[in-house]
Amino acid sequence: MLSPPMMRLARTLAARHRLLFSVEQLREFKEVIERPRLARYMTGTHQRELVAGMAADGELVLVISSVRVCRDPDDDHLLALCKDGKADVLITGDKDLLVLGHFGSTRIIAPSHFLAEHT
């Protein structure tokens with residue numbers, strides 16, 4: 001289940017912005033929502049609907065860039081996605097990404113800042 005702020009963020013994004021994702025990110029999202037801690041809040045059908053909704057509402061980006069910028073190397077794939085997808089904004093709560101502020105022409109901001117600017 002998404003928190004009310006995350007639901008607002010999802011609605012705002014869907015209405016006015018492109019959601020970019022990679023195969024790796026979609027796979028990770030699926031893995032996370034299937035973990036027992038989250039799976040107890042939703043049925044398998046709901047999990048599949050969330051993954052299908054992300055795939056249907058977003059734009060699949062073929063990530064070909066290799067990036068080594070973030071202090072957490074596990075987050076570099078998101079920066080490569082931003083680069084190859086020509087993202088304007090990366091919305092994240094991850095402090096290792098937020099500390100960067102920008103990556104190329106992509107702004108990196110927290111969900112609360114994005115909502116304050118766009119609602």
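List of remarks:
- Filter result for Leu78 (in contact with a helix residue (DSSP H, G or I) (Cβ under 8 Å, 6 or more places away or on another chain), surrounded by 14 or more Cβ atoms within 10 Å (Cβ to Cβ) and in contact (Cβ under 8 Å) with a residue 24 or more places away in the chain): yes
- Checked against (1) surrounded by 14 or more Cβ atoms within 10 Å (Cβ to Cβ); (2) small (Gly, Ala, Ser); (3) under 18 Å from Glu117 (Cβ atoms); (4) without any contact (Cβ under 8 Å) to a residue 24 or more places away in the chain, Ala87 passes all but condition (4).
- Within region 15-39, the set of residues being touching a helix residue (DSSP H, G or I) at 6+ places or on another chain (Cβ under 8 Å) and more than 18 Å from Leu60 (Cβ to Cβ) comprises Arg16, Val32, Ile33, Glu34, Leu38, Ala39.
- Members of region 93-106 found to be surrounded by fewer than 17 Cβ atoms within 10 Å (Cβ to Cβ), touching a residue at least 12 places away in the same chain (Cβ under 8 Å) and not hydrophobic (A, V, I, L, M, F, W, C), listed by number: Gly93, Asp94, Asp96, Gly104, Ser105
- Scanning region 94-119 for residues that are among the aliphatic types (A, V, I, L, M) and in a helix (DSSP H, G or I) gives Leu97, Leu98, Leu115, Ala116.
- Close pairs (8 angstrom Cβ cut-off, 6 or more residues apart or separate chains): touching a residue at least 24 places away in the same chain (Cβ under 8 Å) in region 35-51, of a type outside the set (Phe, Trp, Tyr) anywhere: Tyr41/Met1; Met42/Met1; Met42/Ile33; Met42/Leu50; Val51/Leu26; Val51/Lys30; Val51/Ile33
- Meeting the requirement of 1 or more residues that are under 11 Å from the mean Cα position of the chain (by Cα) and over 18 Å from Gly104 (Cβ atoms), the helices (runs of 4 or more DSSP H) wholly within region 6-93 are 23-33, 44-57.
- Among (1) among the β-branched types (Val, Ile, Thr); (2) exposed (fewer than 13 other Cβ atoms within 10 Å of the Cβ); (3) farther than 16 Å from Ala10 by Cβ, the one test that Thr119 misses: (3)
FYI, it's all coordinate maths here, none of it is from the lab. The model shown is predicted, which means the values in this text are computed figures rather than measured ones. When we count neighbours, we look across all protein chains shown, and the Cβ atoms used for this are built from the backbone with ideal geometry, even at glycine.
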